[in-house]
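Comments concern the structure below.
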Ligand SMILES: C[S@@+](CC[C@H](N)C(=O)[O-])C[C@H]1O[C@@H](n2cnc3c(N)ncnc32)[C@H](O)[C@@H]1O
């Protein structure tokens, strides 16, 4: 693995994904998790400090990048609950059927190459009644912003480690046979609206 993928990109991701607004979104999302949690594309482990140790018993973090996992390991060592990090893509989820109470996906559906397959895997590993909680950026509701997202997506994907600007997150989740218990979408504040349209919610398997 090259220096960029192993060291530089994980370092940059760790900084960019920790900004104040994202931290607030992350905190609100992750606070809803309970029991055995699957953190899909755990990245550098930025969610770990925000899980409620009174409600979460264990976190399984699935992540393909060794460089991201190294940083997640540093945070896992500080966690007051068991953290089990597994190097894999979510499309090949190394997790048993019906073994997870909560699946958490934060800013990762934009990047997973086969997002539908990954969501079907999430459905497989959730226990009956288990919840998928998520916060993701994606396709804007306004046609003008969506057009910009389509235009810049090829360049953005190359610069941002495979991240896509224009995925319709709600449609992707629904297409994997989930129904929404809660769903909101809108812009985070700040410039460049194309990267700020954010979906948050809770879904359960139909
Ligand atoms: C923008 S980062 C978000 C990381 C973390 N979820 C967070 O909230 O900080 C996107 C993550 O998706 C991971 N990723 C890429 N392909 C993936 C796949 N096939 N399955 C799971 N995660 C993947 C990347 O390695 C990266 O860690």
Check 154, 168 and return the single one that is over 18 Å from residue 17 (Cβ atoms), away from the ligand (no atom under 16 Å from the Cβ) and surrounded by 13 or more Cβ atoms within 10 Å (Cβ to Cβ). 168
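Regarding residue 102, is this residue touching a residue at least 24 places away in the same chain (Cβ under 8 Å), out of contact with any helix residue (DSSP H, G or I) (no Cβ under 9 Å at 6 or more places or on another chain) and under 18 Å from residue 86 (Cα atoms)? Please lay out each step first, then the result.
On the way: touching a residue at least 24 places away in the same chain (Cβ under 8 Å): yes; out of contact with any helix residue (DSSP H, G or I) (no Cβ under 9 Å at 6 or more places or on another chain): yes; under 18 Å from residue 86 (Cα atoms): yes.
Yes; evaluated as a whole, the condition is true for this residue.
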Return yes or no: is residue 41 more than 26 Å from residue 189 (Cβ to Cβ) and either surrounded by 21 or more Cβ atoms within 10 Å (Cβ to Cβ) or more than 10 Å from the ligand (Cβ to nearest atom) (or both)? no
Filter the range 96-116 for residues that are surrounded by fewer than 22 Cβ atoms within 10 Å (Cβ to Cβ) and either at pLDDT below 95 or more than 9 Å from the ligand (Cβ to nearest atom) (or both) and give the result. 96, 97, 98, 99, 101, 116
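Do we find that residue 72 is buried (at least 22 other Cβ atoms within 10 Å of the Cβ), under 16 Å from residue 5 (Cβ atoms) and in contact (Cβ under 8 Å) with a residue 12 or more places away in the chain in this structure?
Working: buried (at least 22 other Cβ atoms within 10 Å of the Cβ): yes; under 16 Å from residue 5 (Cβ atoms): yes; in contact (Cβ under 8 Å) with a residue 12 or more places away in the chain: yes.
For residue 72, the condition - buried (at least 22 other Cβ atoms within 10 Å of the Cβ), under 16 Å from residue 5 (Cβ atoms) and in contact (Cβ under 8 Å) with a residue 12 or more places away in the chain - is met.
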For the range 26-38, name all the residues that are in contact (Cβ under 8 Å) with a residue 60 or more places away in the chain and either loosely packed, with under 13 Cβ neighbours inside 10 Å or within 12 Å of the ligand (Cβ to nearest atom) (or both). 26, 29, 30, 38
With 17, 93 as the choices, which residue is near the ligand (Cβ under 10 Å from one of its atoms), surrounded by fewer than 19 Cβ atoms within 10 Å (Cβ to Cβ) and within 24 Å of residue 183 (Cβ to Cβ)? 17
Quickly run through the range 128-146 and pick out the residues that are farther than 11 Å from residue 185 by Cβ and touching a strand residue (DSSP E or B) at 6+ places or on another chain (Cβ under 6 Å). 130, 131, 132, 133, 134
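Of the residues that make up the range 173-192, is at least one within 14 Å of the chain's Cα centre (by Cα) and within 26 Å of residue 102 (Cα to Cα)? Steps first, please.
Taking the range 173-192 and keeping what is within 14 Å of the chain's Cα centre (by Cα), we get 173.
Retained after the next criterion (residues that are within 26 Å of residue 102 (Cα to Cα)): 173.
Yes.
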Conditions first: (1) away from the ligand (no atom under 13 Å from the Cβ); (2) surrounded by 14 or more Cβ atoms within 10 Å (Cβ to Cβ); (3) more than 17 Å from residue 161 (Cα to Cα). Residue 23 passes all but one, so which condition is the exception? (1)
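The values are calculated or read from the model by the stated rules, or taken from the named source; none is laboratory data. None of these values were measured; they are calculated from a predicted model. Note: ideal-geometry Cβ built from the backbone for every residue, glycine included; neighbour counts use all protein chains shown.
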